[in-house]
Amino acid sequence: MKTKALLGGLLALMYCAYLPVSAEPLASIQSSQPPFALTIEQTRNWSPEAATASRDNVSNVALARRFSAPLPGQQGSAAKVLYAPDGMNNFANYLRAQPQFNLYNFTHWSQIDVLNWFAGTADLTVQIPARPWVDTAHKNGVKVIGSVFLGVAQWGGNADTVAALLEQDSQGRFILADKLIEIASFYGFDGWLINQETDLTAVKDADNQLVKDQRDPQRGRELASRMLAFMQYLTANAPQGMEIHWYDSMLASGEVRWQNQLNDNNQAFLQDQVRSSDAIFLNYWWNQQMVQSSVAKAREIGRSPFDVYVGADLWPSRNAQRAFSRYQWLDWLFEDGQALASIALFAPNVNYNFDGEAHTPAFSQFDNDAQDEAAFYASEVRLFAGDDLNLASLDKDGWKGIGAYLPVKSTITALPLVTSFNTGQGKVWMENGDKRGGPWTDMSRQDLLPTWQFAHNGPLSLHFDFDQVFAGGSSLAIQADKGMAGQARLFATELMMTSSTRLKLVTKGDAQGLALSLQTADGQSMTLAIKSSTNWATQRFELAELAGKKLTAIGLQTDGGQPLQAYLGHLELLP
């Protein structure tokens, strides 16, 4: 009885995400106000009881443990991927479901390690991640770090703002550093990127305008020295697991001169006898030799090369890495199949709000057109899976995708596994095949999604579908032509099977010749035939013959005897 009660409680908690959108109050995206965006003064005066704080933004979801799941022929790697959409405050500063389908979204958690809440203005220096994104990132084993943005002098940045950040008390403690640690600990996210882009030698007038031909090099050096001490204090006092990152911008002189590599000029902000930061995010104008030099410098100062995140600016308007049209840079980060350093992907939101230019058409119109979801989602798949949208095959030419170089990671280590393939947004809100609400977006409601998006052999193709939905806002669509057998990987798992383990599957469509496949660590395979149905239909399977074995993968296969068009609406694997 206790086991049944516990299982019932777990399932109840999982299904709480499926409450109708209409049952919750609607909230607008709050791009430039507390609790998400704070001035230096608001940060200094912040406390959990202050009006600038919100307990609704507290994440209580622990960071899940992950394991690497290389595809055949892939090697494991200690390299990490940081993902920094440009302007997260404009996309995702909400705490409750939004009444709009075509908001920014993300599904490839298995292929990144850190989400940076990249945002900020000259006045709103401290940018705090929103709980729905932190919750879902943590479920997928991904850390989330906020941003401290100190703006470029010509666009409002001021050395006085930096000086205020660096305030110390009578005992030499950095007041704002302690506040940043307190804020991250209170809200349950994982650290900060310190993005100091203010030229500290610049002189401003009373209207915050640059004074032409005037510099204050002495003040610049003094503030830069204090910034280094601030970074070392912040890094030393951050609790275990919290990460402090530094952006490659300011030098010891206080001037902003991007180095685009780790070298003698910026190494102090990573390591200067003591640890100054946990990682450095390099600027974007680098080449292969500069990567190799950065790796050598990291080792010289006693740091891992994977503490160096080599930046890739994907926004086509800026003449750097340019999504999909430039790809040699990705090869430069690897040698004999092994990563040389970590990667920081900046502005990957090109699939959402890039409007296109003469040299690069728009990748989707999803921000303005709610009917263009296919292009939006396909462009994200392309970033990781390559031009052919398939992790299981290596593109011979063009963009190969991040996933061609680095394996996916999974958190699926314990039962139950429950998913409705819900991406966290939809044209409608569905429950058990019945419509319960209209358009919506809420990252906190995203289900555990396939580890591989997508990896298939043969004629199978997969995508998220927002028109045929069983629960939430989407299903997984499977298509295949007649004539050739095919396989697709879905979930990487480390699950111990028992004599009572069972599986429930809800499907719809023409599924003749389609089966769910289960693979165990000892090489055993079990196939579960999926029935065709014009309406959503449920099948249940007992898995007692796998008792005592470790399940390592869940996938699909087709015999190629007939063309098929089917949808997976719900999957449960219960202990």
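Remarks
- For TRP399, nonlocal amide neighbours, meaning residues 5 or more places apart or on other chains whose placed amide H falls under 5 Å from its own, are ASP387.
- Environment charge at PRO563 (Cβ cut-off 13 Å; Lys +1, Arg +1, Asp -1, Glu -1): -2
- With θ taken as phi - 60° and the Karplus curve 6.51 cos²θ - 1.76 cosθ + 1.60 applied, the whole-hertz 3J(HN,Hα) list for the range 506-521 is 10, 9, 7, x, 7, 10, 4, x, 9, 9, 7, 10, 10, 10, 10, 4 Hz, x standing for glycine and proline.
- Put simply, the amide H of LEU193, placed in the peptide plane, has neighbours under 5 Å in GLY146, SER147, VAL148, HIS245, leaving out anything fewer than 5 places away on its chain.
- Simple Cβ-charge dipole of the range 49-187, Lys/Arg +1 and Asp/Glu -1, about Cα centre, in debye nearest 20: 660 debye
- Over the chain, the pair-distance histogram of Cα-Cα distances with 20 Å bins from zero comes to 20, 53, 24, 3 percent, rounded to whole numbers.
- Options LEU228, ALA238, GLN214, ranked by Cα towards positive dipole end of the range 184-309, top entry (Cβ charges): LEU228
- Whole-number D in µm² s⁻¹ for the range 78-222, Kirkwood Cα-pair radius fed into Stokes-Einstein, 20 °C, 1.002 mPa s: 125 µm²/s
- Subset of LYS396/LYS549; LYS179/LYS409; LYS396/LYS550; LYS179/LYS297; LYS139/LYS508; LYS409/LYS482 violating a 30 Å alpha-carbon distance limit: LYS396/LYS549; LYS179/LYS409; LYS396/LYS550; LYS179/LYS297; LYS409/LYS482
- Cut-off 12 Å between beta-carbons: net charge of the residues surrounding LEU546, Lys and Arg +1, Asp and Glu -1: 0
- With all protein chains kept in place, the per residue accessible area of the range 209-343 amounts to 45 square angstrom at a probe of 1.4 angstrom.
- Relative contact order (percent, whole number), the chain, Cα cutoff 8 Å, 6+ residue spacing: 13 percent
- Phi-based couplings in Hz for the range 417-427 (Karplus 6.51, -1.76, 1.60; Gly and Pro marked x): 10, 10, 8, 10, 6, 8, 7, x, 7, x, 6
- Between the helical axis of 2-15 and the longest alpha-carbon principal axis of the chain there is an angle of about 60 degrees.
- Using the Cβ-Cβ distance between GLN240 and ASN265 with R0 set to 22 Å, the FRET efficiency from 1/(1 + (r/R0)^6) comes to roughly 0.15.
- Peptides 400-408, 268-276 ranked from most to least packed give 400-408, 268-276, packing being the mean of other C-beta atoms within 10 angstrom over each peptide's residues.
- The ASN319 and ARG173 beta-carbon pair, evaluated with R₀ = 45 Å, returns a calculated FRET efficiency of approximately 0.55.
- Taking other residues whose beta carbon is less than 14 angstrom from the beta carbon of GLU300, and scoring Lys, Arg as +1 and Asp, Glu as -1, yields 0.
- Simple Cβ-charge dipole of the chain, Lys/Arg +1 and Asp/Glu -1, about Cα centre, in debye nearest 20: 1500 debye
- In a fully extended conformation the segment linking ASP56 and GLN292 would gain 80.5 nm over its present Cα-Cα distance, using 0.36 nm per residue.
- Solvent-accessible surface (1.4 Å probe) assigned to GLU49 amounts to roughly 140 Å².
- Taking amide H as placed 1.01 Å from N in the peptide plane, ALA553 has its amide H under 5 Å from the amide H of THR493, GLN519, each at least 5 places away in sequence or on another chain.
- Ranking TRP117, TRP536, GLN154 by how far each Cα lies toward the positive end of the dipole of the chain (charges on Cβ) leaves TRP536 at the top.
- Across the range 386-398, rounded Karplus estimates of 3J(HN,Hα) from the backbone phi angles (6.51 cos²θ - 1.76 cosθ + 1.60, θ = phi - 60°) give x, 4, 8, 6, 9, 5, 7, 10, 8, 5, 6, 10, x Hz, Gly and Pro being marked x.
- The range 335-421: C-alpha gyration tensor shape, a/c 1.5 cut-off, then a/b vs b/c: oblate
- Given R0 = 45 Å, the distance between the Cβ atoms of TRP155 and SER304 translates into a calculated FRET efficiency of 0.85.
- Note that the range 46-177 presents 33 Å² accessible area per residue, ligands and nucleic acids not counted, probe 1.4 Å.
- Segment ALA544..ASN368, full-extension length gain: 58.4 nm, with 0.36 nm per residue of separation and the alpha-carbon distance subtracted.
- Look at the dipole of the range 420-514 built from charges on Cβ: of GLY433, SER461, ALA477, the Cα furthest out on the positive end belongs to GLY433.
- The listed peptides 482-488, 415-421, ordered by packing as a protection proxy, come out as 415-421, 482-488 (highest mean of other Cβ atoms within 10 Å first).
- Inter-site label distance for ALA375 and ARG215 at 7 Å from Cα along Cβ, in nm: 4.7 nm
- Expressed as a whole percent, the accessible area of the range 169-298 that falls on carbon and sulfur atoms is 43 (1.4 Å probe).
- Only the Cβ atoms of Lys and Arg (+1) and of Asp and Glu (-1) were treated as charged; on that basis the dipole of the range 492-546 about its Cα centre amounts to roughly 300 debye.
- Nearest 10 degrees, 0 to 90: helix 288-300 Cα axis against the chain principal axis: 70 degrees
- Protection-proxy order for peptides 443-452, 312-321, each taking the mean of Cβ atoms within 10 Å per residue, highest first: 443-452, 312-321
- What the range 456-564 shows is 42 Å² of accessible area per residue, with the surface traced by a 1.4 Å probe over protein heavy atoms.
- Between 0 and 90 degrees, the angle of helix 373-385 with respect to the longest Cα principal axis of the chain falls at about 80 degrees.
- Were the residues from ASN90 through GLN30 laid out at 0.36 nm apart, the gain over their Cα-Cα distance would be 20.8 nm.
The values are calculated or read from the model by the stated rules, or taken from the named source; none is laboratory data. It should be emphasised that the depicted structure is a prediction, and the values quoted were computed from it without experimental measurement. Here Cβ is always computed from backbone atoms with ideal geometry, including for glycine, and neighbour counts include all displayed protein chains. Note: accessible area is taken over every heavy atom of the protein model, side chains too, but ligands, DNA and RNA are not part of it. Shrake-Rupley method; radii C 1.70, N 1.55, O 1.52, S 1.80 Å.
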